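Scroll down for the structure; my scribbles are underneath it.
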Amino acid sequence: MKNERHQKFCEISERRMTRVFENMNLIANLSNKKNYEFVNEEIEELFYSYRKKGEEIKSYFENNVSIKPTVTEFKFLGKSNIEILEPKRKKFRELAESRMTKVFQDMNLIANLSNKTNYTYTIQEVDELFQAYEEKGRMVESRFLPLIKEFKYTI
């Protein structure tokens with residue numbers, strides 16, 4: 001019985017985190033400046049929200065929290081009127097919001113796996129799951145950062 005609950009945890013968490021990765025790969029595609037425009041504040045807000053969602057969901061596993069996740073969708077907070085934005089920037093914002101919302105939905109489903117009545121897992125598995133989540137976020141975020149073109153000593 002315990003082995004079945006553990007196997008179920010592994011199968012479902014792998015499937016759900018894979019969907020998170022797939023959506024993050026789609027977000028990475030938004031870094032293509034030929035098709036999309038964005039400002040640094042939007043990238044910071046996007047990945048700040050991503051990190052916060054990871055922290056929120058991890059807390060379910062660490063603290064046996066039984067309250068449902070509060071954030072279910074991602075929307076940019078910026079007050080810019082989306083109708084007057086340039087088409088490339090408008091498309092970036094729409095797709096980023098849609099794709100990050102899908103990440104949030106999958107992470108909320110991962111939170112359900114913290115229920116020890118239905119699933120068993122080790123702290124190492126939880127750490128590995130969230131370490132992979134954090135690493136994926138860093139990898140995708142780096143796609144939006146300008147490339148360093150030269151080296152300078154700081155001393």
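The values are calculated or read from the model by the stated rules, or taken from the named source; none is laboratory data. From a predicted model like this one, the values you see are computed outputs, not experimental measurements. So basically every Cβ, Gly included, is an ideal-geometry build from the backbone, and we count neighbours across all protein chains shown.
Regarding segment 17-38, can at least one residue be identified that is of a type in the set (Lys, Arg), modelled with pLDDT under 95 and part of a helix (DSSP H, G or I)?
So far as segment 17-38 goes, no, none of its residues is of a type in the set (Lys, Arg), modelled with pLDDT under 95 and part of a helix (DSSP H, G or I).
Give me a count of the residues in segment 46-70 that are modelled with pLDDT of 95 or more and either outside any helix (DSSP H, G or I) or within 16 Å of PHE92 (Cα to Cα) (or both).
2
Within segment 39-57, how many residues turn out to be surrounded by fewer than 20 Cβ atoms within 10 Å (Cβ to Cβ), closer than 14 Å to SER142 by Cα and hydrophobic (A, V, I, L, M, F, W, C)?
Number of matching residues: 2.
Can you name the number of the only condition in (1) in a helix (DSSP H, G or I); (2) modelled with pLDDT of 90 or more; (3) not hydroxyl-bearing (Ser, Thr, Tyr) that GLU83 fails?
Among (1) in a helix (DSSP H, G or I); (2) modelled with pLDDT of 90 or more; (3) not hydroxyl-bearing (Ser, Thr, Tyr), the lone unmet condition for GLU83 is (2).
Let me spell it out: the conditions are (1) surrounded by fewer than 18 Cβ atoms within 10 Å (Cβ to Cβ); (2) within 23 Å of SER142 (Cα to Cα), and ARG5 meets all of them except one. Which number is the exception?
(2)
Of all residues in segment 42-56, which are more than 8 Å from the chain's Cα centre (by Cα) and of a type in the set (D, E, K, R)?
Selection gives GLU42, GLU44, GLU45, LYS52, GLU55, GLU56.
Which pairs have Cβ atoms under 6 Å, sit 6 or more apart or on different chains, and link a residue in segment 92-119 that is over 30 Å from ASN35 (Cα atoms) to one that is hydroxyl-bearing (Ser, Thr, Tyr) and in a helix (DSSP H, G or I)?
Pairs that qualify, where the first residue is over 30 Å from ASN35 (Cα atoms) and the partner is hydroxyl-bearing (Ser, Thr, Tyr) and in a helix (DSSP H, G or I), are ALA111/TYR60; LEU113/SER13; SER114/TYR60.
Exactly one condition in (1) over 15 Å from LEU30 (Cα atoms); (2) among the small types (Gly, Ala, Ser); (3) surrounded by 16 or more Cβ atoms within 10 Å (Cβ to Cβ) is false for ALA132; which is it?
Just one mismatch for ALA132, condition (3).
Please determine, by comparing only the residues of segment 1-41 that are of a type in the set (Val, Ile, Thr) and within 21 Å of TYR119 (Cβ to Cβ), which one is farthest from the chain's Cα centre (by Cα).
That would be ILE12.
Quick check: is even one residue across segment 1-16 in a loop (DSSP other than H, G, I, E, B) and free of Cβ contacts under 8 Å to residues at least 40 places away in the same chain?
Yes.
Tell me yes or no: at least one residue of segment 127-140 is of a type in the set (D, E, K, R) and touching a helix residue (DSSP H, G or I) at 6+ places or on another chain (Cβ under 8 Å).
Scanning segment 127-140, I find at least one residue that is of a type in the set (D, E, K, R) and touching a helix residue (DSSP H, G or I) at 6+ places or on another chain (Cβ under 8 Å), so the answer is yes.
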